Structure formats: C-alpha cells, structure tokens
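Report on one structure; see the data block that follows.
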Amino acid sequence: MRKEYKISDIADINRNSINKDYSFEEIEYLDTGSITNGKIDGFQYFKLKDAPSRAKRLVSENDIIYSTVRPIQRHFGFIKNSNPNLVVSTGFAVVTAKKNLAHPKFLYYFLSSNETVKLLDMIAEASTSAYPSLRPDDIAQLDISLPTLNEQIQIAEILSSLDAKITLLQNQNSTLENLAETIFREWFIERMEDDWKVGKIEDEFDFTMGQSPLGSTLNENKVGMIFFQGITDFKFRFPVPRIYTTAPTRIAQKFDTLVSVRAPVGDMNMAMEECCLGRGVSAFRYKHNPAFYSYTYYKLRSLMQQIKQFEDTGTVFGSIGKDDFKKIENIIPPKKLVDEFQKTTKAIDDKIYLNTNQISTLERIRNEILPKLINGEVSVNL
C-alpha cells in the first residue's frame, strides 16, 4: 500500500550549515562541477579560513546532494563513506531523508530518475534567475508515492546492485586502459631507439576530417547512420549514439580513433560501429593495417600534447585542421614492434569493448525498471 507525500514531509533540505561552533580547521569540499550522475571527479581540500565562500553546506552519511542549477546536467549524488569534515557548495540542495518514513537510497533514485530530472529542469527553465535554477522549495514541493519502508529497501537494493555491476565494469575498463597505455609508454617512449624515423602523422595513419550533413537529414529516431557532430556524445572510450542522418557525408569505420577537432581540441573516443562524422570530429586508422585499432588509439593519445596546442589558436575557439595534422611530428617505430604491440593489447581493448556493451545493457535495464519500481508499476516480492 502506497501513501502520497510531499518531499518536505519525508525529508529535510539544507538542514545544517557551517556556523561558529564548527569544530574542523580543514574541510573536504565538493563543488557542483565535481559530481555527475553520482560519480565524484575529485575532492578539494582547504583550511577553513581559506575555503571558498560557497563552502557552507554540511552533509552527513546517506545525504543526497542535488545541484540547483540546470538539473538536466545531473550534478547530483548520494553521500556514502564520507569524512566528517565534508562540506559542499551552496549550489547544492542537501536532502536528508527522515528515516522512519523514507529510505535514503530510494529517495535518491526518485530524485535522480529521468522523469524527476526533466520535471525539475522545466521548473528551473521557468525561473527568473540568470541561469535556469531551482529553489530548495521546488524540491520540497515535489509529490512522491511511497511504498512501505521494507519495499523501499528492496527496491533500493535491486537498483544498487545494477549500479554496483556497472561501476565494477567501468573501473575494470579504466584499469585495462591504464595497463595498455603503460605498455605503449614503455615500448614506444621509454625504449625509443635513436634510429627510429622522424616523420609525420600521415606516414602512419590515414585520417578523415568530418563534414556535417544537411540539418534536414538529422533525426533522433534511429533512421539512417549514426552521426557525431562533436564531443557532446563522447564518453569513456566509445561515444553514445543519439543523432542519426539519412544522408551521411564523411564516414568512420568501426574501431577508428575519433579525435575532437573543435573546442575542446583533442578529446578522443573510438567508433563502436560505422558512423558519420560532423565537422567537429576526425577519424584515424593505421595505414598499413586498418585492424590495428589499439596501436592507433594509444599512438594518438601519445600525440595529444601536440594536438591540444591548437586549442588556443582559433580566433573565437580552438580548432585543428587537416594541414595542421600534417605538420605534427611523429616518431615512427619499426613495424615489427607495432605488430607485437597490437597482438599484446588487442585482447585488452576487446575486453573493454565487451565490457562497454555489457554496461550499455545494464544501463538500459536500469533505466527501464527504475521508474516502474519507483512509481509502483512493478512491485517486489517481500
């Protein structure tokens, strides 16, 4: 049996802030840009007297932090295993569940669901502030339908289990990529021989500069070929399809290395399948064997310092063109060593590919069942 509440009935918002009785001389700090979809990019550390003026909100274990600016950017998260001196920006609303009514993780899944995010983003867009922003009361006045506390716990455990599997695979991918990059650095940089040829990028790689198709050919209905205009859809290693075109122009093949050529210059991904390239993306493949996608990817990563120098050369924003790529110096190792590297790292990158497919499947399952569990369309057996 579910009961209807306002968030204000089942949670406190911005309950505690730093005051004169605060006992810590140093703080661990999170700003809104440091967390997206629950993933923390990094903490900052300050002496209390040197902390930013926005470092005011106190948080506790199992609190939810939710950015009040542009909710669609999903700068929110669930506080777990926190240090007692953790402080967050006043750009967050800090939501603390009343434990006798709401399970904190269930409440987090409600607030982070696509439906709630879209609703809050509409409210923010209608605000009169300089940026689309929420007031804490906008969150407090949301309607929520709560099952029993036991059922909330069961639902949270199901969703948390999927999230844990996704996180495990994501961490494994990062470890695998770091391993392959370490091998590349040892073989081709630390052990570089004096007699290796100094050439240019085009001596080793064929590359294609993107050209955007007509806007009238674009759609989000999966009609035609996947289209990537720039880095908007870049993720870890592989971009996520969002836009399609019925009249593709410049095309990248599966496993080509994709490089952003317009601000920000130098972000990288790998094509998961054949795709159309917009003007913000270029594609690279090894000239002597297109199947050598691992070598291509890590070699381009090793050249990023040269590529990224073009970030500041544009009159309005950074960009790099075909002639610029041709000028970049490239140390060319023996083909035999390249062959050995590809044989060694192919299994690593293929595992990253398989993991990414599994992550995509798990995320799809999670996104499909989350609203149904939260809204009561699907029940759990207690």
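The values are calculated or read from the model by the stated rules, or taken from the named source; none is laboratory data. Computed from a predicted model, the values in this text were never measured in an experiment. So basically every Cβ, Gly included, is an ideal-geometry build from the backbone, and we count neighbours across all protein chains shown.
Quick check, is Asp206 touching a residue at least 24 places away in the same chain (Cβ under 8 Å), of a type outside the set (Lys, Arg) and surrounded by 11 or more Cβ atoms within 10 Å (Cβ to Cβ)?
Spelling it out, Asp206 is indeed touching a residue at least 24 places away in the same chain (Cβ under 8 Å), of a type outside the set (Lys, Arg) and surrounded by 11 or more Cβ atoms within 10 Å (Cβ to Cβ).
Taking segment 47-63, which residues are part of a strand (DSSP E or B) and loosely packed, with under 15 Cβ neighbours inside 10 Å?
Answer for segment 47-63, where residues must be part of a strand (DSSP E or B) and loosely packed, with under 15 Cβ neighbours inside 10 Å: just Lys47.
Residues of segment 1-52 being more than 30 Å from Asn381 (Cβ to Cβ), under 21 Å from the mean Cα position of the chain (by Cα) and not small (Gly, Ala, Ser), which ones?
Tyr29, Leu30, Asp31, Thr32, Ile35, Thr36, Lys39, Ile40, Asp41, Phe43, Gln44
Can you tell me which residues in segment 189-206 are in the same structural domain as Met272 (by TED's automatic domain parsing), part of a helix (DSSP H, G or I) and in contact with a helix residue (DSSP H, G or I) (Cβ under 9 Å, 6 or more places away or on another chain)?
The answer is Ile201, Glu202.
Which residues, counting only those in segment 83-114, are in contact with a strand residue (DSSP E or B) (Cβ under 9 Å, 6 or more places away or on another chain), in a loop (DSSP other than H, G, I, E, B) and among the polar types (S, T, N, Q)?
The answer is Asn83, Asn85, Thr90.
For Ile231, work out the one condition from (1) surrounded by 21 or more Cβ atoms within 10 Å (Cβ to Cβ); (2) modelled with pLDDT of 95 or more; (3) farther than 30 Å from Lys335 by Cα it doesn't fulfil.
(2)
Please go through (1) free of Cβ contacts under 8 Å to residues at least 40 places away in the same chain; (2) closer than 20 Å to Tyr353 by Cβ; (3) not in a helix (DSSP H, G or I) for Met272 and return the number of the only condition it doesn't satisfy.
Condition not satisfied by Met272: (1).
Which one of these does Asn178 not meet: (1) within 30 Å of Asp349 (Cα to Cα); (2) crowded, with 17+ Cβ neighbours inside 10 Å?
Condition not satisfied by Asn178: (2).
Would you confirm, using the coordinates I've provided, whether Leu179 is assigned by TED's automatic domain parsing to the domain that holds Tyr295 and in contact with a Ser or Thr (Cβ under 9 Å, 6 or more places away or on another chain)?
no
Is it true that Tyr66 is among the aromatic types (Phe, Trp, Tyr), assigned to a strand (DSSP E or B) and either out of contact with any Pro (no Cβ under 8 Å at 6 or more places or on another chain) or outside the structural domain of Pro371 (by TED's automatic domain parsing) (or both)?
yes
Given the residues Thr148, Thr167, which is the only one that is touching a residue at least 40 places away in the same chain (Cβ under 8 Å), among the hydroxyl-bearing types (Ser, Thr, Tyr) and surrounded by fewer than 16 Cβ atoms within 10 Å (Cβ to Cβ)?
One residue alone meets the criteria, Thr148.
Sort out which residues of segment 96-132 are closer than 21 Å to Glu157 by Cβ, free of Cβ contacts under 8 Å to residues at least 60 places away in the same chain and surrounded by fewer than 21 Cβ atoms within 10 Å (Cβ to Cβ), and write them in order of number.
If the condition is that a residue be closer than 21 Å to Glu157 by Cβ, free of Cβ contacts under 8 Å to residues at least 60 places away in the same chain and surrounded by fewer than 21 Cβ atoms within 10 Å (Cβ to Cβ), then Lys99, Asn100, Thr116 are the ones that fit.
Against the definition (out of contact with any Asp or Glu (no Cβ under 6 Å at 6 or more places or on another chain), part of a helix (DSSP H, G or I) and not assigned by TED's automatic domain parsing to the domain that holds Val261), how does Phe325 come out, yes or no? Outline the logic, then answer.
Working: out of contact with any Asp or Glu (no Cβ under 6 Å at 6 or more places or on another chain): yes; part of a helix (DSSP H, G or I): yes; not assigned by TED's automatic domain parsing to the domain that holds Val261: no.
Judged against the criteria, Phe325 is not a match.
Here's the yes/no breakdown for (1) more than 24 Å from the chain's Cα centre (by Cα); (2) more than 26 Å from Arg301 (Cβ to Cβ); (3) part of a helix (DSSP H, G or I); (4) assigned by TED's automatic domain parsing to the domain that holds Met272:
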position	(1), (2), (3), (4)
Thr208	yes, no, no, yes
Lys222	no, yes, no, yes
Ile226	no, no, no, yes
Lys235	no, no, no, yes
Phe238	no, no, no, yes
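Take the conditions surrounded by fewer than 17 Cβ atoms within 10 Å (Cβ to Cβ), assigned to a helix (DSSP H, G or I) and outside the structural domain of Ala347 (by TED's automatic domain parsing) and apply them to Glu186. Does it pass?
yes
Mind checking which residues of segment 84-95 are surrounded by 12 or more Cβ atoms within 10 Å (Cβ to Cβ) and either out of contact with any helix residue (DSSP H, G or I) (no Cβ under 8 Å at 6 or more places or on another chain) or over 13 Å from Asp12 (Cα atoms) (or both)?
Within segment 84-95, Asn85, Leu86, Val87, Val88, Ser89, Thr90, Gly91, Phe92, Val94 qualify.
Those residues that are without any contact (Cβ under 8 Å) to a residue 12 or more places away in the chain and in a helix (DSSP H, G or I), I need them from segment 361-382; list them, please.
Thr361, Arg364, Glu368, Lys372
Considering only segment 263-294, state which residues are among the acidic types (Asp, Glu) and within 21 Å of the chain's Cα centre (by Cα).
Those that are among the acidic types (Asp, Glu) and within 21 Å of the chain's Cα centre (by Cα): Asp267, Glu273.
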